[in-house]
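The values are calculated or read from the model by the stated rules, or taken from the named source; none is laboratory data. For clarity, every value in this text was computed on a predicted model and none was experimentally measured. Reconstructed Cβ throughout: ideal geometry from the backbone, glycine too, with neighbour counts over all protein chains shown.
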Amino acid sequence: MKCPFCHEGDFGVTDSRLQGNGFPVRRRRVCERCKRRVWTVEQIEDVPLKVIKKDNTREPFDPEKIRRGLEKACYKRPLSTEQIESIVRQVESDVYANYFGEVPAKILGDQVMKHLKKLDQVAYIRFASVYREFKDVSEFVEEVQPMLPRVRSHSKRRSESK
């Protein structure tokens, strides 16, 4: 940063004061050439994340929408509120870590489905049916088909142990 007085020297920071609670940081600086002192104020610019919808419109990212979708998919399923909150937090932290400014809605939906598939297959299918907008039963069957061999082998083991 160049000195506003002599326009030649660089400023060195001699003191920083963190204001806390979202307030800016104040820094005392001294010009290396003319030795004049100034205070500068630094504030972090919060760039809100936008979601790019299927129709290419954009809207602010809202984790509450993910939570509502999960609650609908998990209705009357053995998933706790903590598990739903955990999925929301994981998706939110992943999105903020990997995207700046904009994120496609497809990424959000895929993330939610990935986490739901691990926890509850019925909730996963419910979410997928709305998210992927199945047009007919064949699309539904295609989504369920890869999960069937595991379900059959699990059911078979249960009946054999009785």
| note | Reported set for segment 104-130 where residues are hydroxyl-bearing (S, T, Y) and either modelled with pLDDT of 95 or more or surrounded by 19 or more Cβ atoms within 10 Å (Cβ to Cβ) (or both) is Y124
| message | Quick check on R28: is it surrounded by 10 or more Cβ atoms within 10 Å (Cβ to Cβ) and not in a loop (DSSP other than H, G, I, E, B)? | response | yes
| How about segment 1-60: which of its residues are more than 26 Å from E102 (Cβ to Cβ) and in contact (Cβ under 8 Å) with a residue 40 or more places away in the chain? | none
| field | Set F140, F127, F134: member being in contact with a Ser or Thr (Cβ under 9 Å, 6 or more places away or on another chain) and either in a loop (DSSP other than H, G, I, E, B) or farther than 13 Å from P63 by Cα (or both) | value | F140
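For segment 51-106, which positions are acidic (D, E) and either within 18 Å of I125 (Cα to Cα) or not in a helix (DSSP H, G or I) (or both)?
D55, E59, D62, E71, E102
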| note | Apart from one, (1) at pLDDT below 90; (2) surrounded by 12 or more Cβ atoms within 10 Å (Cβ to Cβ) all hold for K53; the odd one out is (1)
| task | Return the only residue of R67, R26, R33, R58 being touching a Phe, Trp or Tyr at 6+ places or on another chain (Cβ under 7 Å) and of a type in the set (K, R). | result | R26
